[in-house]
Amino acid sequence: MERRASIELRAKGRRLEGYAALFDTATRIADFEEIIVRGAFSASLRDKRDILALADHDPRSVLARTKSGTLRLAEDSRGLAFDFDVPETSAGRDMLALAERGDLGGASFGFTVPKGGEHWQGNRRELRAVNLAEISVVSSIPAYDGTTVQARAQQIALPPRLARARRWLDTL
């Protein structure tokens with residue numbers, strides 16, 4: 001299995017969100033350049049396979065998964081977007097704390113390439129289709145620059161009386 005990483009992560013409360021891969025962004029892998037084209041993940045997402053969110057590609061550190069609905073993935077015009085609920089585990093707490101401080105290296109993904117899923121031109125590899133197995137929150141250095149992870153707070157609607165009190169407290 002191949003792994004690629006990026007650096008876009010956002011911490012928002014008990015959720016992490018960001019991009020595990022960016023389209024049309026060249027990166028250097030060993031002695032070749034690699035680009036992921038739009039739609040490369042579409043078959044994996046359409047197949048409804050169980051994709052994991054891991055801490056540093058460690059299968060013992062599961063943070064979320066599509067099968068349980070705690071990991072949500074989508075392709076948009078920018079890349080492979082993710083959003084997941086952070087578990088109340090040591091790995092989850094560690095990743096959330098690092099994301100909130102801005103200390104995480106980024107996000108990553110693990111994949112295999114199906115037959116016909118890549119195109120080579122000299123030392124440039126174009127990924128046109130991949131079998132996505134996992135995304136990871138990476139605490140060190142990712143392979144792809146530009147990806148992010150952020151923590152996100154779940155919005156809770158307060159009753160009107162408490163909402164007024166909250167606004168008043170925020171002015172102090």
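Quick look at the values:
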| item | result |
| --- | --- |
| Selected residue [hydrophobic (A, V, I, L, M, F, W, C) and under 23 Å from G39 (Cα atoms)] from A53, A91 | A53 |
| Pair list, Cβ under 6 Å, 6 or more apart: region 114-126 residue farther than 20 Å from L22 by Cβ, other residue surrounded by 10 or more Cβ atoms within 10 Å (Cβ to Cβ) | P114/A129; P114/N131; N123/F32 |
| Unmet criterion (only one of (1) at pLDDT 90 or above; (2) surrounded by fewer than 21 Cβ atoms within 10 Å (Cβ to Cβ); (3) in a strand (DSSP E or B)) for R10 | (1) |
| Among residues of region 31-57, those that are touching a residue at least 12 places away in the same chain (Cβ under 8 Å) and either assigned to a strand (DSSP E or B) or of a type in the set (K, R) (or both), counted | 12 |
| Qualifying residue in region 17-29 (condition: among the acidic types (D, E), out of contact with any helix residue (DSSP H, G or I) (no Cβ under 8 Å at 6 or more places or on another chain), in a strand (DSSP E or B) and within 16 Å of I135 (Cβ to Cβ)) | yes |
| Sole residue being out of contact with any Pro (no Cβ under 6 Å at 6 or more places or on another chain), open to solvent by less than 60 Å² (accessible area, probe 1.4 Å), among the acidic types (D, E) and modelled with pLDDT under 95, chosen from D58, D47 | D58 |
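The values are calculated or read from the model by the stated rules, or taken from the named source; none is laboratory data. Since the structure is predicted, the reported quantities are computational estimates derived from the model, not experimental observations. FYI the Cβ positions are ideal-geometry reconstructions off the backbone, even for glycines, and counts take in every protein chain you see. Heads up: the accessible areas ignore ligands, DNA and RNA and are worked out on the full protein's heavy atoms, side chains in. Shrake-Rupley method; radii C 1.70, N 1.55, O 1.52, S 1.80 Å.
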